[in-house]
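The structure appears right after this line, and notes come after that.
The values are calculated or read from the model by the stated rules, or taken from the named source; none is laboratory data. Here the structure is a predicted model, which is why all the values come from computation and not from measurement. Here the Cβ is made from the backbone with ideal geometry for all residues, glycine too, and neighbour counts use every protein chain on show. Protein only, heavy atoms only, side chains kept; ligands, DNA and RNA dropped before computing areas. Shrake-Rupley method; radii C 1.70, N 1.55, O 1.52, S 1.80 Å.
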Amino acid sequence: MIYTKRFLSQLKPLFTISVATVSLMSLSTPLLAQPNRLGINNSNKIQIHFVPAAKPTLPDNGTPSTNHGTGSRGGCPYKKELPPMTNLTGSENLELTLNAHPTFWVYVPYTQKEAVSGDFSLQDGDNEVYSAHFQPPITPGIVSISLPPTLKPLEVGKTYNWYFNINCSPPKFSEPPDSVGGQVQRLARSGEFESEFKTAKTPIERITIYAKHHVWYDTLTELAQLCLKEPQNSTLKQAWSELLSDRNVGLAQVAQEPIVGTVTASSQLE
């Protein structure tokens, strides 16, 4: 088809206007979405109430004796001004996860200058199914360690024990570590949970659903990750503090401690 010069000269301004309009729309859309990435601002109020499962939940499978460290073993210094090493996951009412490779959280009151090394172990009865060495945190705070995705998934309904150790003395002294431990049991996703979870539109709505269905590991991990993404968000800080201080959780003593992040682990057994 052949167009006359007069027709093309009339078409060119229209085409230019169309392109300009599209360009402005493509630039303005991301800018509108930028100010609040998570949809959580400092004026919001978040309430997450954790609902513990009815007991008994887990069988007696050699439960680790305590979720608090001694704060004075293995040459680790006693720090009167700080809480003792504390397990945030795996103690009574806080044992359940939906994740095949969950994340474990511990408050560590020691620095790299005070702690030589750390060890993590996951056990199925008398069998160790995963272990790792890790570098202690640079500063005191709440740290996490996750099971690697290459590890065989946790079996639904089975109870596993885990241990988190901090060594403050060189190996040649053979002193026992400061240690905490807990349990973890993976649940199957119920139809009710799936139905509610599919309708959740925000990260906080998803966390609230985890909490309602007794799933502490995932409740804590999802909220901690939000806090790490937006460390200056006062609304998230308040939600974190209130969740740990909940009477069904019982972790008020570490509710104000900083979330440091993930420790660097080197796998020893998978």
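For region 145-270, rounded, prolate or oblate, judged on the Cα gyration tensor with a ≥ b ≥ c (square roots of eigenvalues), a/c < 1.5 rounded, else prolate if a/b > b/c? Intermediate results must be reported in sequence, preceding the final value.
Values: a/c = 2.03, a/b = 1.35, b/c = 1.50.
It comes out oblate by the Cα gyration axes.
Can you tell me the dipole magnitude for region 117-226 around its Cα centre, using point charges on the Cβ only (Lys, Arg +1; Asp, Glu -1), in Debye to the nearest 20?
It works out to roughly 280 debye.
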Hits among aspartates and glutamates - C-alpha to C-alpha of residue 237 under 13 Å, sequence gap 8 or more where chains match: 257
Computed lengthening from residue 80 to residue 202, 0.36 nm per intervening residue step minus Cα-Cα distance: 39.9 nm
Set of aspartates and glutamates near residue 45 by C-alpha distance (under 14 Å), chain-local residues within fewer than 8 positions excluded: 205, 242
Aspartates and glutamates whose Cα lies under 20 Å from that of residue 198, excluding same-chain neighbours fewer than 8 positions away: 218, 222
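Under a Cβ-Cβ cut-off of 14 Å, what is the net charge of the residues other than residue 45 that fall near it, where Lys and Arg count +1 and Asp and Glu count -1? Let's see the in-between values first.
Values: positive: 237; negative: 242.
Computed value for this residue: 0.
Expressed in nm to one decimal, what extension gain is obtained for the pair residue 45 and residue 128 from 0.36 nm per residue of sequence separation less their Cα-Cα distance? Numbers along the way, then the final one.
Details: separation 83, 0.36 × 83 = 29.88 nm, distance 4.31 nm.
Result for the pair: 25.6 nm of gain on full extension.
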Chain lengthening between residue 264 and residue 93 when straightened (0.36 nm per residue, less Cα-Cα): 58.8 nm
Residue 225-residue 156 pseudo-label distance in nm [points 7 Å out on the Cα-to-Cβ vector]: 2.1 nm
Area accessible to solvent at residue 82, 1.4 Å probe radius, in Å²: 50 Å²
